[in-house]
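Reading through the structure tokens given below for one structure.
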Amino acid sequence: MAMNAGEIESLILEDFPDAKVTIEDLRGDGDHYAAHVVSAAFVGKTRVQQHQMVYASLKGRMGNELHALALQTAAPDA
């Protein structure tokens with residue numbers, strides 16, 4: 001079963017309550033999304049670490065209910 005953008009956003013916000021999250025359904029099929037996540041939790045982390053943190057927040061749904069996620073992450077500007 002596919003996920004909707006609201007579910008993805010909720011899962012991310014559970015682990016990153018301060019985050020600004022933007023989700024876009026790339027194909028309209030509920031399987032291919034792009035996400036932009038900005039959180040203070042990313043300060044001092046490499047881009048790879050940031051992505052790993054977001055994927056962990058999806059609690060195993062990546063590759064199952066969620067087929068593809070193009071991810072952009074950033075720490076907030078100081």
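Here are the numbers:
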quantity: Dipole magnitude (debye, nearest 20) for the chain, charges at Cβ of Lys, Arg, Asp, Glu; calculated: 300
quantity: Interchain or long-range residues, amide H under 5 Å from Leu58's placed H; calculated: none
quantity: Solvent-accessible surface ranking, highest first, for Ile12, Ile23 at 1.4 angstrom; calculated: Ile23, Ile12
quantity: Loop-located trypsin sites (Lys or Arg not before Pro) in region 25-65, at most 12 other Cβ atoms within 10 Å (DSSP); calculated: Arg27, Lys59
quantity: Karplus 3J(HN,Hα) series, Hz, for region 7-23 with 6.51 cos²θ - 1.76 cosθ + 1.60 (x for Gly, Pro); calculated: 5, 4, 4, 4, 5, 5, 5, 4, 8, 10, x, 8, 5, 9, 10, 10, 10
quantity: Percentage relative contact order, the chain, counting C-alpha pairs under 8 Å, at least six apart; calculated: 35
quantity: ³J(HN,Hα) computed for each position of region 52-58 - Karplus, 6.51 cos²θ - 1.76 cosθ + 1.60, integer Hz, glycine/proline x; calculated: 4, 4, 5, 4, 4, 5, 7
quantity: Sum of -39500 (n - 2.57) over DSSP H runs of 4+, divided by residues of the chain (222 nm, nearest 500); calculated: -8500 deg cm²/dmol
quantity: Distance (nanometres) between label positions extended 7 Å along Cα→Cβ at His67 and Lys45; calculated: 2.7
quantity: Amide H partners (placed H, <5 Å) of Thr73, local residues excluded; calculated: Val37
quantity: Between region 44-78 and region 20-37, the alpha-carbon center distance in angstrom; calculated: 12
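The values are calculated or read from the model by the stated rules, or taken from the named source; none is laboratory data. Source: prediction; values computed, not measured. Ideal geometry is used to build each Cβ from the backbone, glycine not excepted, and the neighbour counts take in all protein chains shown. With ligands, DNA and RNA removed, areas are computed over all heavy atoms of the protein, side chains included. Shrake-Rupley method; radii C 1.70, N 1.55, O 1.52, S 1.80 Å.
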